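The values are calculated or read from the model by the stated rules, or taken from the named source; none is laboratory data. Treat the numbers as computed from the prediction; the structure is a model and nothing was measured. Quick reminder, even Gly has a Cβ in these numbers, built from the backbone with ideal geometry, and neighbours come from all protein chains shown. Heavy atoms of the whole protein, side chains included, go into the accessibility calculation; ligands, DNA and RNA do not. Shrake-Rupley method; radii C 1.70, N 1.55, O 1.52, S 1.80 Å.
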Amino acid sequence: MPMLRLNRSFHIAVGLAVAWGFGISTTTGASGPQLAVPHPAEPMAVDAQNALVASTCVPCHSDRGKARASELSLEHFDAAQIERSPEVAEKMIRKLRAGMMPPPSVRNRPAAATLLALASALEGPLDRVAVLQPNPGHRVFQRLNRSEYRQAIRDILDLDVDVNSLLPPDTFSHGFDNISDEQASSPMLIQSYLSAATKIAGLAVGDRSAAPGESTYRIPKTASQLDHVEGAPWGTRGGISVVHTFPADGDYTFRMLLLGVPTGELFGSTVRDEQLEVSLNGARMALLTIDYRITEASPNGLNIVTPPIHVTAGPQRLSAAFIQRFESPLDDLMKPVEQTLADTIYGTDVGITALPHMRDFSITGPLKVTGVSETPSRRKVFTCRPTSADQEPTCAFRILKRLASQAYRLPESSVDVEPLMRFYSAARKEGDFDEGIRRALQAILASPRFLFRLEETPSTVKANQNYRISDLELASRLSFFLWAAAPDAELLKVASSGQLRTPGMLQRQVKRMLASPRSESLSTRFASQWLRLQDVEQIQPDALRFPAYNYQLGQALKRETELFFDSIVREDRNVLDLLTADYTFANERVARHYGIPNVTGDTFRRVNYGQ
C-alpha cells in the first residue's frame, strides 16, 4: 500500500474526480458534486422533515447544546424556508449522506432509508435555487504563491531560483497554500517581491558588477552519507550535489563544514587519509585531504575551504563529496544500518558509523568578476541582438513585449510596452543595452500584473450581479489549476480569439493539458498537499529504534505517492483506487522497505503486490 493518509479533505478529491469527468464550470450548484445515490420515489413532506429533525437532531443541536454540538443549532430549523440557510442545510446533507449523523450510538436511531430520504428532500429545493439563482461566489485577489512564482520564473527566463530564500512562507489553509481568502498582503511581502525582482533580473541578464555573496546548502542530519549522492561523480560517497546559478564569470571559493562531536572534535576522527572532492559539472576542481586532528578550535574550525576557482555564469552542477575508500557486499546477521547518525534531535550526534560527515556546503563570490558568459537565461531573454545604436530601441521593444506577454499572461497585442521602455531608456543612459533590459525586466517582475492574478469586473455589472469572466481569465484559472503555472502559447491563442468557451473547445484544451507532462503538478502540488506529504520532511523516527529510516527513504516514499496519484489521473482510474489498488511505484530502496523482491536501481517503476 502506498504511503497514504486520508484526512478530512477526502471529499475534495472526489469532487475533483467528478470535475475531471464533466469539464470545468465557472459556477457551481449549492450541493456541489456528490456521489450517485438513488433518490426515493416519494419525497418526504416538509412537516415530516421538521418532525424528524426535531425528534432526532434537536436534542443535541439545540441552542443550549450548541457549544458541544459543533456550534450548530437546529432548534429553529424550518424545511419550508431552507433556502434562507443553505450553509446549515449543506452541513446536514453531508453528514446524512456519510451516515455520520445521527451517531450510531443514538437510541432509536431512524432507519438508513429514512435518513437518506431526508437528505434527498433537503437537496431538492437547494438544487432548484442553485439553478434559478446561480451564485458562483466572490473571489478576492489572488497572488502567486512560492511554487507558482518559481514555475513562472522558470517558464519566462529558464532560471531555477530558490524561492524559500527570497519570499516569506505561504499561509496554509486546510493543508493548501493557494487559498485566496488566506493570501494576505503586507509591506514585508511587497518588499520581498521587489528584492526578488532585483536579484532574479540580475541572474537572468548577468551582473558584471556583482558583489561577493554567500549561498549555503544544508544537508539533513537524517541523510545517509555512506552511499553515492545523485549528481556527484561516481567513486564518491555522501556530501552534496546541487545546481547553482552563478551571477557572473569570476573566482569563487567553496567551503565544506564537517560534522563535529559535542566536545568539538571531528566526527569520524579515527579515520585517516579521508579526502573531499569538489567537482564542477563532473570535472574535479579540487581534492582536499582532511586533517583527522581538526577541531572547532582550529583556525578555520571544522571548515574545509578551497582556493579560488574560476566559474562561468549561469547554472552549473556543483558537487562536494568524500572519496569512496571501500565498497563490499554486506554479510551480517543484523539488518543493515541506513541512517548514519543516530541522535539528531538532542544534538549529541551519536554516530552509527565512524566516517566523517559533511554538515553544509557554501559558495562565496564572485571575488573577481571577469565577464558574463552566455547562459540559458540570456538566450531566453535576448532573442534579438542590435548591431548598432539605432537598432537598440526596436530590439528592446521586441524583447520587452514578449517577456511582458508571458509574465502578464496576456497576448502580445494586449501588452502596453511604453512604461517598460521608459525604464529601459533611463537605465540605458547610465549603462549599456544589457543594463537597460535588466532594469526593465526588474520592473516586469515587480509589476502587480505579474504577481497578482487580477480579474477585472466589467463596468456594466451592477453590485451583486453575476457575470462571466473573460476567456483570458478563464484560461488563467484553468492553467493554474491543472499546471500550477501560467497558460502556454496555445491556450492564450485560443482564449484571445474568444474561442475557449465555444462548444467542445474547453474540453479539448483540458484533455490536451492533462496529457501534458506539466499536469504532473496535480500530483506534486494538489495531491501532495491534500495528503500532507510536505510533513514527511518533519518526520524523524528515533534512529536507535528505526535505523533503517533515513532522509532518502522519506523522499522516496513521497515520490512513490506522487507517482501513484499521477497514474490514477492519467489512466482515468476510479478515485477509490486510492484505497483499493493492488499496485504502487517503487525503486530499489522503497521495494526493500516493503519487502518487494526483484526491484533494483534508483528508477521508479510500477510493481504489483496483490498477486
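Some points to look at:
- For the chain, with +1 on Lys and Arg beta carbons and -1 on Asp and Glu, the positive-most of 382, 238, 600 along the dipole: 382
- Cα-derived Rg to Rh of region 98-159, Kirkwood definition: 1.38
- Hypothetical label at residue 190: residues of region 442-486 whose amide nitrogen lies under 11 Å (7 Å Cα-Cβ projection): 448
- Identified option (computed log10 I(q)/I(0) by the Debye sum over Cα atoms at q = 0.07, 0.09 Å⁻¹; candidates (1) -0.55, -0.90; (2) -0.67, -0.86; (3) -0.61, -0.95): (3)
- Remark on region 373-468: hydrodynamic radius 14.9 angstrom, per the Kirkwood mean of 1/r across alpha carbon pairs.
- Cβ screening of the chain for cysteine pairs under 4.7 Å finds these without a partner: 57, 60.
- Nitroxide proxy distance, nm - points 7 Å out along Cα→Cβ at residue 354 and residue 391: 6.8 nm
- As a ratio to 2.2 N^0.38 Å, the alpha-carbon radius of gyration computed for region 53-180 takes the value 1.58.
- Over 23 Å apart at the Cα level, from the set 199/368; 380/401; 380/493; 368/401; 401/429; 199/558, are 368/401; 199/558.
- In this label model, residue 181 and residue 456 are separated by 2.9 nm, measuring between points 7 Å along each Cα→Cβ vector.
- Dipole of the chain, positive end: most advanced residue of 268, 457, 399 [Cβ charges, Cα centre]: 457
- Stokes-Einstein D in µm²/s, Kirkwood radius over Cα pairs - region 189-272 at 20 °C with 1.002 mPa s viscosity: 130 µm²/s
- Gyration tensor (alpha-carbon) shape descriptor, region 185-227, a/c threshold 1.5: oblate
- Accessible area ranking (1.4 Å probe, heavy atoms, ligands and nucleic acids excluded), largest first, for 428, 398: 398, 428.
- Rounded, prolate or oblate (a/c below 1.5 giving rounded, otherwise prolate when a/b exceeds b/c) for region 530-611 by Cα gyration tensor: oblate
- Within the chain, helix-based [θ] at 222 nm, where runs of 4 or more DSSP H residues each add -39,500 (n - 2.57), nearest 500: -10500 deg cm²/dmol
- As a length-normalised measure over Cα pairs under 8 Å and 6 or more apart, the relative contact order of the chain settles at 15 percent.
- The alpha carbon gyration tensor of region 149-306 gives principal lengths a ≥ b ≥ c with a/c of 1.5 or higher and a/b greater than b/c, which makes the shape prolate.
- Of the chymotrypsin sites (Phe, Trp or Tyr not before Pro) in region 191-287, those whose Cβ has at most 10 other Cβ within 10 Å and which sit in DSSP loop: 234
- The accessible area of residue 309, taken with all protein chains in place and a 1.4 Å probe, comes to roughly 10 Å².
- Heavy atoms of residue 131: accessible area, 1.4 Å probe, square angstrom to 10: 120 Å²
- Each of the GluC sites (Glu not before Pro) that DSSP puts in a loop and that has at most 12 other Cβ atoms within 10 Å breaks the chain; the longest unbroken stretch is 72-229.
- The chain - percent of accessible surface contributed by carbon and sulfur, probe 1.4 Å: 53 percent
- Residue (of 574, 514, 529) at the positive-pole extreme of region 486-611, dipole from beta-carbon charges: 514
- Magnitude of the charge dipole, region 81-163, Cβ model with Lys/Arg +1 and Asp/Glu -1, debye to 20: 560 debye
- For the chain, size of Cβ-based charge dipole, Lys and Arg +1, Asp and Glu -1, in debye: 980 debye
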